[in-house]
Every structure is written in structure tokens, then in C-alpha cells.
Amino acid sequence: MDDQTPPEFYPMPSFPILIVEDIEASAKWYQIVLGFQHVFTIPGPGGPVLVHLRWTRYADLLLRRQQAPIEQTKGIGISLSFAVFDGRVDDVADRARTAGARLESEPRNQPWNARDFSLRDPDGFLLTFTKGPVEPDLGMDQIVRRSTEPR
């Protein structure tokens, strides 16, 4: 999606909304570090109140401006996962590293037949980027059996 192409609007079956401290900085981070596309921004007094970003079709993310200080750590126990369809997981990780992001985990093959890595956004939300299957001919019964065998 470039600046000349209007974004596609469609009903979204599910989407996360992240409450962020600096909405403009967070939106810029998602676009520069990870390659998210800007769909629209809703302005408000004192700056944007909502920014709609898109990883790929049906993988939309909304950022909302934090209204009051949040004293708890954000996102404990949850990871937002994004599938990589075009390119490699390692390419997304390289882009993030080049833009100065610190990875929580390096790209690696997982027992569930996918390759992924994780990093945290500026507000501490954990993001995982994944691609699979690593071995396309491997069936689910083989994946389960292999994951329970001693190493």
C-alpha cells in the first residue's frame, strides 16, 4: 500500500487494541522497525487518539492513546503473533535489528513446525513473528510424536 493507493476497508474478525504512551512514536516504530502499513489516524485534542496499522490483510492493529498513567506492566502473559507470508522470518528480524530493536528471542525453528522470533514494542508488548511450516510434508501426528520424544 503506497500513499497513492487508498487502504482497503473490510470487516475485521478480530484485532488487538494496544494502549500506548506515545501514540505517534509507537505508530512510527511499527512502520519503520517492522514494516506495518498506516491505514488511518483519528485526530483529537493534543494529538492522535487512535492509529490503525496493518501487517497484512486481516492482521490489523489499533493503537490508542493512553489517557492516564498505567502503573502495571503492560501485556504480561500475552504475545501478539503475526504470520510472515511474503519473505522470511529472518528478514523481518534483520529489519528490526537494523532499525535498533532488541530481539527477545532470535529466529529459530520450533517443535510445532514453525520458525519464529519475538521482540517487545516501545510499550513492552511482546510481538512474535512466525512462518511455517518449516517442513511442509510433516503431519500433525508426526509433530506431536517428535515433540514428546527424548532428545
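The values are calculated or read from the model by the stated rules, or taken from the named source; none is laboratory data. In this text, all values refer to a predicted model and were calculated from it rather than measured experimentally. Here Cβ is always computed from backbone atoms with ideal geometry, including for glycine, and neighbour counts include all displayed protein chains.
Yes/no matrix, rows are residues, columns are (1) modelled with pLDDT of 95 or more; (2) among the polar types (S, T, N, Q); (3) closer than 30 Å to Gly139 by Cβ:
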{"position": "Ile19", "(1), (2), (3)": "no, no, no"}
{"position": "Ala25", "(1), (2), (3)": "yes, no, no"}
{"position": "Trp29", "(1), (2), (3)": "yes, no, no"}
{"position": "Ile42", "(1), (2), (3)": "yes, no, no"}
{"position": "Gln66", "(1), (2), (3)": "no, yes, no"}
{"position": "Ala93", "(1), (2), (3)": "yes, no, yes"}
{"position": "Thr98", "(1), (2), (3)": "yes, yes, no"}
{"position": "Ser105", "(1), (2), (3)": "yes, yes, yes"}
{"position": "Gln110", "(1), (2), (3)": "no, yes, yes"}
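Rundown of residues vs (1) under 27 Å from Pro7 (Cβ atoms); (2) of a type in the set (Asp, Glu); (3) over 16 Å from the mean Cα position of the chain (by Cα), yes/no style:
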residue	(1), (2), (3)
Val51	yes, no, no
Ala83	yes, no, no
Arg88	yes, no, no
Asp91	yes, yes, no
Arg108	no, no, yes
Lys131	yes, no, no
Gln142	no, no, yes
Verdict on Gly132 being of a type in the set (Gly, Ala, Ser), in contact with a Phe, Trp or Tyr (Cβ under 8 Å, 6 or more places away or on another chain) and at negative phi: yes
Take the conditions under 30 Å from Arg145 (Cα atoms) and without any contact (Cβ under 8 Å) to a residue 60 or more places away in the chain and apply them to Ser14. Does it pass? no
Glu106 fails exactly one of (1) loosely packed, with under 12 Cβ neighbours inside 10 Å; (2) in contact (Cβ under 8 Å) with a residue 24 or more places away in the chain; (3) in contact with a helix residue (DSSP H, G or I) (Cβ under 9 Å, 6 or more places away or on another chain), namely (2)
Options Ile70, Ile17, Ile42, Ile76: the member that is under 14 Å from Arg120 (Cα atoms) and not acidic (Asp, Glu): Ile76
If you check Thr73 against the conditions, is it among the hydroxyl-bearing types (Ser, Thr, Tyr), farther than 30 Å from Glu135 by Cβ, surrounded by 14 or more Cβ atoms within 10 Å (Cβ to Cβ) and more than 15 Å from the chain's Cα centre (by Cα)? no
Of the residues Leu119, Leu138, only one is more than 27 Å from Tyr30 (Cα to Cα) and either of a type in the set (A, V, I, L, M, F, W, C) or at pLDDT below 90 (or both); which? Leu138
